[in-house]
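Q: This structure is in structure tokens; I'll ask about it shortly.
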Amino acid sequence: DVKVTQSSRYLVKRTGEKVFLECVQDMDHENMFWYRQDPGLGLRLIYFSYDVKMKEKGDIPEGYSVSREKKERFSLILESASTNQTSMYLCASRKQGNEQFFGPGTRLTVL
Amino acid sequence: LAKTTQPISMDSYEGQEVNITCSHNNIATNDYITWYQQFPSQGPRFIIQGYKTKVTNEVASLFIPADRKSSTLSLPRVSLSDTAVYYCLVGGEGTYKYIFGTGTRLKVLA
């Protein structure tokens, strides 16, 4: 069965901290995505990766970076967390076509 | 990417058929129409995808008129567990930058 896992369901960090959100998929998918979801704004794409070590900016990359050293793992990094980065973060992966498989999400609170 | 417009919310009763329409006037020739479902505290889940006419699977049907400027997701005989947010997306095969928008919040009432 298809599976995308995220390292934490809930995370609380302080302003200025460096935050790592990990995403792992077990489906040998080439493409991986990071979104954030906020009330009234829907899902917005932060970064995506179409292959190992390859990454592209999405619609709202400011304040974030990503790393994809292995095919199954895609990490989202908040270099210096700020309160406006409090959000639900969703990871997804995809092999081909348009069907993305999403993880359960990480609800991040930055105090 | 084509912009989509769908109702913000809908209410229905158990056992009824629900139709959610999405408008995508600027759809391109190679664009597909894809629908996702999202339950509270979960990530979205792919429901159905189509290019033209009608597509049906075990969960839903998707109706696409000849001009493809709109599409309708049809959920037969909904139950309380169909309460979710439904997103309409438009893009070519393998598009990376899909626009999910805010979706349609469907509430099924007993």
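The values are calculated or read from the model by the stated rules, or taken from the named source; none is laboratory data. Remember, it's a predicted structure, so these values are computed and weren't measured experimentally. So basically every Cβ, Gly included, is an ideal-geometry build from the backbone, and we count neighbours across all protein chains shown. The accessibility values were calculated without ligands, DNA or RNA, using every heavy atom of the protein model including side chains. Shrake-Rupley method; radii C 1.70, N 1.55, O 1.52, S 1.80 Å.
Q: Scale the Cα Rg of the protein assembly as shown by the rule-of-thumb value 2.2 N^0.38 Å and send over the ratio, two decimals.
A: 1.03
Q: Less than 15 Å Cβ to Cβ from B:Gln38, Lys/Arg counted +1 and Asp/Glu -1: what total charge do the surrounding residues give?
A: My count for the surroundings of B:Gln38 gives +3.
Q: Average partner chain C-beta neighbours within 10 Å, per residue of B:98-104?
A: Rounded to a whole number, the mean comes out at 5.
Q: Put one equal scatterer on each alpha carbon of chain A, apply the Debye formula with no solvent term, and list log10 I(q)/I(0) at q = 0.17, 0.20 1/Å to two decimals.
A: Rounded to two decimals, the profile gives -0.73, -1.02.
Q: Per residue, how many Å² of accessible area does the stretch B:52-110 show with a 1.4 Å probe?
A: Solvent-accessible surface per residue comes out at 48 Å².
Q: For the pair A and B, how large is the buried accessible area, both sides, in square angstrom to the nearest 100, if the probe is 1.4 Å?
A: Its buried surface, counting both partners, is about 1700 Å².
Q: What is the projected area of the convex hull of the Cα atoms of chain B, averaged over all directions, in nm²?
A: Taking a quarter of the hull surface, the average projection is 6.4 nm².
Q: Between the stretch B:11-90 and the stretch A:1-68, what's the alpha-carbon centroid distance in Å?
A: Each part reduced to its Cα centre gives a spacing of 25 Å.
Q: Can you give me the relative contact order of chain A as a percent, contacts being Cα pairs under 8 Å and 6 or more apart?
A: Reported as a whole number, the value is 36 percent.
Q: So what's the net charge close to B:Tyr13: Lys and Arg +1, Asp and Glu -1, counting the other residues with Cβ under 15 Å from its Cβ?
A: Once positives and negatives cancel, what remains is -2.
Q: So what is the relative contact order of chain B, in percent, for Cα pairs below 8 Å that sit 6 or more residues apart?
A: Result for chain B is 37 percent.
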